[in-house]
Amino acid sequence: MSTKKNWHQQHKESLGFGSRLADSVANGMGSWKFIIIQTILVVLWMGLNLIGYLRHWDEYPFILLNLVFSTQAAYAAPIIMMAQNRQNDRDRSQALADYQTNIDAKLEIEALAIKLNSLEVEKLDKIISLLSEMKNNSLK
């Protein structure tokens with residue numbers, strides 16, 4: 001038994017490796033888990049460099065940490081923009097699918113209205129013919 005794929009499944013299957021990777025990175029970076037882990041790492045980084053007895057690899061004002069954040073932002077911004085562009089594509093695809101569904105529903109409703117109208121006409125014709133028969137029978 002084959003099932004027809006919806007627009008979301010078709011869109012997801014059409015994505016290449018880079019697109020799926022960018023979506024995963026954007027989803028990960030836009031989560032509380034990422035913010036919490038990054039906050040813990042920053043606190044550890046600063047704490048170890050402030051109280052480190054043996055060696056400070058990034059002394060205050062944490063220039064290396066700023067470089068790490070700048071590099072992260074330089075890569076994150078375009079990846080997030082790619083994910084947003086794909087979200088726009090998904091939204092457009094969903095809107096087109098919804099539009100087609102609405103057109104199909106409209107055609108079905110119009111067909112049902114025509115069928116109901118023909119049934120009503122048939123019933124009225126039958127009632128008129130029965131009344132005519134009754135009138136003819138009563139005149140005899």
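Any read-out appearing in this document is the output of simple, stated calculations on the displayed coordinates, not a laboratory observation. All values derive from a computational prediction rather than experimental measurement. In this analysis, Cβ positions are derived from the backbone assuming ideal geometry, glycine residues included, and neighbour counts consider all displayed protein chains.
Any residue in the stretch 64-73 that is surrounded by 11 or more Cβ atoms within 10 Å (Cβ to Cβ), under 17 Å from residue 22 (Cβ atoms) and out of contact with any Gly (no Cβ under 8 Å at 6 or more places or on another chain)? The answer is yes, given that some residue of the stretch 64-73 is surrounded by 11 or more Cβ atoms within 10 Å (Cβ to Cβ), under 17 Å from residue 22 (Cβ atoms) and out of contact with any Gly (no Cβ under 8 Å at 6 or more places or on another chain).
Need a quick list: helices (runs of 4 or more DSSP H) entirely within the stretch 1-87 having at least 2 residues that are more than 30 Å from residue 97 (Cβ to Cβ) and not basic (Lys, Arg).
On the way: elements: 7-14, 17-29, 32-51.
Filter on the stretch 1-87 gives 32-51.
The sole residue among 55, 92 that is among the charged types (D, E, K, R) and either touching a residue at least 12 places away in the same chain (Cβ under 8 Å) or surrounded by 10 or more Cβ atoms within 10 Å (Cβ to Cβ) (or both) is 92.
Taking the condition under 27 Å from residue 20 (Cα atoms), of a type outside the set (D, E, K, R), in contact with a Phe, Trp or Tyr (Cβ under 7 Å, 6 or more places away or on another chain) and part of a helix (DSSP H, G or I), does residue 94 pass? Yes; evaluated as a whole, the condition is true for this residue.
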